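Here is the structure we will look at, set down as structure tokens.
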Amino acid sequence: MFVISLLQSFLLGFILVNRLLLMKVPTFSSLWWVKIFLSTGVGIGMSSLIYVSMQYLFQLTPLTIFLIELVLLSALFLYYRGSKKESYLLMIQQPLKGRIRMTEVFFILLAISIGVFIYNSYLNPHGGWDAWAIWNMHARFISSGPQGWENLFSPHITWTHPDYPLLIPGIIARNWGLIGNRTPMVPITIAFIFTFGTVGLLVAIVRFLKGQYISALAGIALLGTAGFVQLGASQSADITLGFFFLSTLILLYERSKPRNKGMLILAGLLAGLAGWTKNEGLLFIMVFLAVRFLVTAWHRNIKTCFSEYLSLGKGLIPIGLVILYFKIKIAPGSDLFNDSMAHILDKLLDVERYFNIIKWFLREFFLFGNGVVLVLLAFIFLAGVKLGKEIRRGVYTCLLVLVLMLVGYFLIFVITPKPLEWHLATSLERLYYQLAASILLTVSMFLRPWSISENKR
Amino acid sequence: MKRNRILVLSIAAIIFSLVGIFRVLRLSSGQDQEISCDIKRFDGVKEYLGDRRVVGYVYRGGFNLRNYYLAQYALVPIIVVNNSNLPLVIGNFGRRNRRFIRKSIEPKYEVVKNFGNGVFLLRRKKE
């Protein structure tokens, strides 16, 4: 039943992604894999959203919700099957021909990482502290029916952060309900999909834009950070969030003419799913919308901005409304914002606090993930920089989004009501992991692509 | 020249991935203690409590956040409040608890059920 349920989620995502991207791509090509990974994320996110909404509003059984989803899936299939088929080009740069034996190194590392993930999951099937004290705990509550829903938001257990969004608990509860028991196999599988889905998505898109060699380097850099697989196996939501950040950002490289509105709708939908995963996703939505507006206004005009917002909104608003309802009507306020204004102002004016946070940010940045930043700098130095004109706008937009995300995280630390050192020590590294795949995507875009044919010249 | 740079780059990537593998394996060996056994200790408690919504929590020695959170994780959807003054309380005492129960627990609580492995359901005595 679990496999059928996952397959249904995937098909739901596949129909939506296929319809919105409108791309005809050869099977097993890089873009085909991009579509597959995007479909998996979108499908899981949508299934979670449907399950949580139906469960909360109508107290339906998991099987009934599964059947409703099946009807929706069939309706979407029939509706889109008859619609006009167009083909858009996702990005204009073509993959480089030729092969350098770095891909083999990547696949060896990938195989070892999968082994490590399975071994870690065997040792800790319930995941790390955050998984069982937050995400799986919430899944247990919402899979327990109306009493569970009520109790999750009890003021006695605010330590489990009931204000956190429900993408992961929702999809876990959905599958537990369908299987009929709370097996750890469900959260393990979901974590596996997002961990290696992120790696796959990064490698596939970089391979298309920059060729095999650079894509293998990007994959090696992500897997070699060690903590990435570790965090994935601990069923952390940060990896899932990172997947949705990356998924949204890759759609910024769209250069089709006429503009593919479906791609913007999909970007809005994926940004919305980031907000449905973790509170940091809400920051991402704001940053993404602001940057998109600025960049479009700079390159084109305000009128285009509004037309783009209309398309983004079609994907974002349905999910945004669910998040808004959850935040306003159901969940308690976030513990990060329950300080008094006077306290917040004191912290905002405390210069020493800023220096302390900068020190932590820099130290963590250079030590992060096995020193991956230094390795990336070496890659840039050795490979050289070549930023194609056609991807420049996408790269600058990604860079701006990433910088503003870091600024947002920084400001949260400035006003945090929690002890600063403790808060930084327990969360900063995880925040970097949320952005790791997106940073690697952006850095890869700067690297000069190599191929054997170029090398022989 | 370009070939040399590719070579250096490849070697750097391979060294980095090897260090990564080494670190992943080292991190794996230092894993957190498996919690399945801790959760299993609470088997039966939930069935016994029926549709009760809230129970208290009492422990032995210093307060252990992990043990308390695990008790809550195991007993969902019942709410476990870190408060020993509620009418019905979960006792989480660990092994070798007989003397502790006789000395510290029995004067205040009546043992409703002993689930084994140091887990008890207690009812607070009226003062």
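The values are calculated or read from the model by the stated rules, or taken from the named source; none is laboratory data. This is a predicted model, so every value here is computed, not measured. Counting neighbours? That spans all protein chains shown, and the Cβs are built from the backbone with ideal geometry, glycine included.
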Checklist outcome for this item: Checked the stretch A:198-238 for anything at pLDDT below 90 and in a loop (DSSP other than H, G, I, E, B); matches are A:Gly211, A:Thr225, A:Ala226
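Report, by residue number, each residue of the stretch B:79-92 that is assigned to a strand (DSSP E or B) and either more than 7 Å from every other protein chain (Cβ to nearest Cβ) or buried (at least 23 other Cβ atoms within 10 Å of the Cβ) (or both).
Residues satisfying the conditions are B:Val80, B:Leu88, B:Val89, B:Ile90, B:Gly91, B:Asn92.
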Checklist entry - Any residue at all in the stretch A:144-157 that is in contact (Cβ under 8 Å) with a residue 40 or more places away in the chain and among the β-branched types (Val, Ile, Thr)? => result no
Next on the checklist: Against the condition surrounded by fewer than 24 Cβ atoms within 10 Å (Cβ to Cβ), farther than 30 Å from A:Phe368 by Cβ and among the β-branched types (Val, Ile, Thr), how does A:Ile330 come out, does it pass?
Outcome noted: yes
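Here's the yes/no breakdown for (1) in a helix (DSSP H, G or I); (2) under 26 Å from A:Arg140 (Cα atoms); (3) of a type in the set (Asp, Glu):
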{"position": "B:Leu18", "(1), (2), (3)": "yes, no, no"}
{"position": "B:Asp43", "(1), (2), (3)": "no, yes, yes"}
{"position": "B:Phe63", "(1), (2), (3)": "no, yes, no"}
{"position": "B:Asn67", "(1), (2), (3)": "yes, yes, no"}
{"position": "B:Gln72", "(1), (2), (3)": "yes, yes, no"}
{"position": "B:Pro77", "(1), (2), (3)": "no, yes, no"}
{"position": "B:Ile101", "(1), (2), (3)": "yes, no, no"}
{"position": "B:Asn114", "(1), (2), (3)": "no, yes, no"}
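Across the stretch B:12-70, which residue is farthest from B:Lys103 (Cα to Cα) among those that are among the aromatic types (Phe, Trp, Tyr) and modelled with pLDDT under 85? So that I can check it myself, show each step before the final result.
Step one: list which residues in the stretch B:12-70 are among the aromatic types (Phe, Trp, Tyr), which gives B:16, B:22, B:42, B:48, B:57, B:59, B:63, B:68-69.
Imposing the further condition that a residue be modelled with pLDDT under 85 reduces the set to B:16, B:22, B:63.
On the way: B:Phe16: 58, B:Phe22: 51, B:Phe63: 19 Å.
Taking the candidates together, the pick is B:Phe16.
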Checklist entry - Here are some conditions: (1) within 14 Å of another protein chain (Cβ to nearest Cβ); (2) surrounded by fewer than 24 Cβ atoms within 10 Å (Cβ to Cβ). A:Gly180 meets all but one. Which one does it not meet? => result (1)
Checklist entry - In the stretch A:190-241, which residues are among the hydroxyl-bearing types (Ser, Thr, Tyr) and either surrounded by fewer than 24 Cβ atoms within 10 Å (Cβ to Cβ) or at the interface with another protein chain (Cβ under 10 Å from one of its Cβ atoms) (or both)? => result A:Tyr213, A:Thr225, A:Ser234
